Amino acid sequence: MKIAIIGSGNVGGALALQWIKAGHHVLIGAKFPLSEKNIRLATKIGEDKFTNISFAVKQSDVILIATPPTAIFDIIEQMGDVSNKILIDATNTVRHKPAPYETVYHALTDKTAANVVKCFNSTGFENILNPVYDGEKIDMFMAGDHAEAKQTAYQLAIDAGFGYCWDFGKGNKVLLLEQFALSWINLATMQGQGRAIAFRVVKR
């Protein structure tokens, strides 16, 4: 797939590494000059993977957004026309909402003609870089109204090394998925369990 990643912090950078390893064509939409974090990522994936947001989006069919939620309105303007492209919202509104919207997912569905899905928001970047615990792959989770976007998110989750990508439901379950992410944050950080913990669904 041709993928643009907007937001090259821990989560965006980890997914870039995994997807490039899986054979996908990845571009990072970034501001110039590059930040120190972007320079570190560029040494791993190549400076040629970095470009501006508008060009990255035009060259891609799938766009992952992993930025602070309040940046979304500026990003929407820079992306331009994203009609029928797949947008993956990997953000969490734990501290700040993109008012007047509850989540970035809701802002994207209202302000673009793209096919939007919520995914890759429910665990730490360390688990994206290494989603295997004692030989077992951990799970990823998604929510949204568009079937094709979900199929794409599922495949990209598998390509990133996850064992399965569970469907939380339609757009009305996006807030629940963000609360699920907050559950991981609560255990890992607030309850002091550490970031080397993960969720995996088991069935009898």
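Screening L129 with (1) at pLDDT 95 or above; (2) within 24 Å of Q179 (Cβ to Cβ) gives one miss only, at (2). For V117, the stated conditions do not hold, so it cannot be described as of a type outside the set (G, A, S), crowded, with 20+ Cβ neighbours inside 10 Å, in contact with a Lys or Arg (Cβ under 6 Å, 6 or more places away or on another chain) and more than 23 Å from Q18 (Cα to Cα). The residues on offer are A42, A14, and the sole one that is closer than 27 Å to R195 by Cβ and free of Cβ contacts under 8 Å to residues at least 24 places away in the same chain is A42. Selection over segment 21-40 of residues that are at pLDDT 95 or above and open to solvent by 90 Å² or more (accessible area, probe 1.4 Å) gives a count of 2. Condition first: out of contact with any helix residue (DSSP H, G or I) (no Cβ under 7 Å at 6 or more places or on another chain), of a type outside the set (G, A, S) and under 15 Å from A143 (Cβ atoms). Now tell me which residues in segment 171-198 satisfy that. Of everything in segment 171-198, those that are out of contact with any helix residue (DSSP H, G or I) (no Cβ under 7 Å at 6 or more places or on another chain), of a type outside the set (G, A, S) and under 15 Å from A143 (Cβ atoms) turn out to be N172, K173, L175, L176, L177, E178, Q179, F180, L182. Residues in segment 194-204 that are open to solvent by 60 Å² or more (accessible area, probe 1.4 Å) and closer than 19 Å to V94 by Cα: R195 alone. The set of residues from segment 168-178 being out of contact with any Phe, Trp or Tyr (no Cβ under 7 Å at 6 or more places or on another chain), under 22 Å from K203 (Cα atoms) and surrounded by 17 or more Cβ atoms within 10 Å (Cβ to Cβ) comprises just one member, K173.
Having 1 or more residues that are polar (S, T, N, Q) and either farther than 25 Å from K203 by Cβ or in contact (Cβ under 8 Å) with a residue 40 or more places away in the chain (or both) is the bar; report the strands (runs of 3 or more DSSP E) wholly within segment 71-165 that clear it.
Working: elements: 86-89, 115-119, 139-143.
Per the criteria, 115-119.
Across segment 88-103, the number of residues qualifying as within 13 Å of N121 (Cβ to Cβ) and surrounded by 20 or more Cβ atoms within 10 Å (Cβ to Cβ) comes to 7.
May I ask you to list the residues in segment 138-163 that are surrounded by fewer than 24 Cβ atoms within 10 Å (Cβ to Cβ) and in contact with a Pro (Cβ under 8 Å, 6 or more places away or on another chain)?
Of segment 138-163, the ones surrounded by fewer than 24 Cβ atoms within 10 Å (Cβ to Cβ) are 138-139, 145-152, 154-155, 158-161, 163.
Matches in segment 138-163: I138, A160, G161, G163.
The values are calculated or read from the model by the stated rules, or taken from the named source; none is laboratory data. The shown structure was predicted, so the numbers you read here are calculated from the model rather than taken from an experiment. Don't worry about glycine lacking a Cβ; one is built from the backbone with ideal geometry, like all the others, and counts go over all protein chains shown. Keep in mind that these areas ignore ligands, DNA and RNA; they rest on the heavy atoms of the full protein, side chains included. Shrake-Rupley method; radii C 1.70, N 1.55, O 1.52, S 1.80 Å.
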